[in-house]
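Data first, discussion second: the structure below is written as structure tokens.
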Amino acid sequence: MGIPIRINEDIYNDAKKVSESEFRSIPGQIEFWASIGKCALDNPDLPIEFIKELLSSKNQDRSLAEPFEIMEDDS
């Protein structure tokens, strides 16, 4: 359930543009940006790009993932 809020029109328009290419709704894009900002403030030593990729990967379909296996060296 969402709660209506007022937001700057420029931020809304930016979210509208980006949400289409990122396959998110406009509110979903704004929530994603807010999550990145919160994580960045909570973890100032982490690069923003790392935080972005980490949060994006949490929403990916895990059914297509292959388990990681360590190959033994036979020599």
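What is the number of the single condition among (1) more than 22 Å from residue 5 (Cα to Cα); (2) at pLDDT 80 or above; (3) basic (Lys, Arg) that residue 58 does not meet?
Tallying (1) more than 22 Å from residue 5 (Cα to Cα); (2) at pLDDT 80 or above; (3) basic (Lys, Arg), residue 58 fails exactly one: (2).
For residue 51, are the conditions met, namely being aliphatic (A, V, I, L, M) and touching a residue at least 12 places away in the same chain (Cβ under 8 Å)?
Working: aliphatic (A, V, I, L, M): yes; touching a residue at least 12 places away in the same chain (Cβ under 8 Å): yes.
It is true that residue 51 is aliphatic (A, V, I, L, M) and touching a residue at least 12 places away in the same chain (Cβ under 8 Å).
Would you point out the residue of the range 44-68, among those that are surrounded by 10 or more Cβ atoms within 10 Å (Cβ to Cβ) and of a type in the set (D, E, K, R), that is nearest to residue 14 (Cα to Cα)?
Of everything passing the filter in the range 44-68, 52 is nearest to residue 14 (Cα to Cα).
Give the residue that is farthest from the chain's Cα centre (by Cα), with candidates limited to residues of the range 9-27 that are more than 16 Å from residue 59 (Cβ to Cβ) and among the β-branched types (Val, Ile, Thr).
Filtering the range 9-27 for residues that are more than 16 Å from residue 59 (Cβ to Cβ) and among the β-branched types (Val, Ile, Thr), the one farthest from the chain's Cα centre (by Cα) comes out as 11.
Step by step: first the residues of the range 28-43, then only those that are over 12 Å from residue 11 (Cβ atoms) and surrounded by 13 or more Cβ atoms within 10 Å (Cβ to Cβ), then the one that is nearest to the chain's Cα centre (by Cα). Which residue is that?
32
Could you list, in sequence order, all residues of the range 24-53 that are of a type in the set (A, V, I, L, M) and over 24 Å from residue 2 (Cβ atoms)?
Of all residues in the range 24-53, those of a type in the set (A, V, I, L, M) come to 26, 30, 34, 36, 40-41, 46, 48, 51.
If the condition is that a residue be of a type in the set (A, V, I, L, M) and over 24 Å from residue 2 (Cβ atoms), then 46, 48 are the ones that fit.
The values are calculated or read from the model by the stated rules, or taken from the named source; none is laboratory data. Please read all numbers here as calculations on a predicted model, not as lab measurements. No Cβ is skipped: glycine too gets one built from the backbone with ideal geometry, and neighbour counts run over all protein chains shown.
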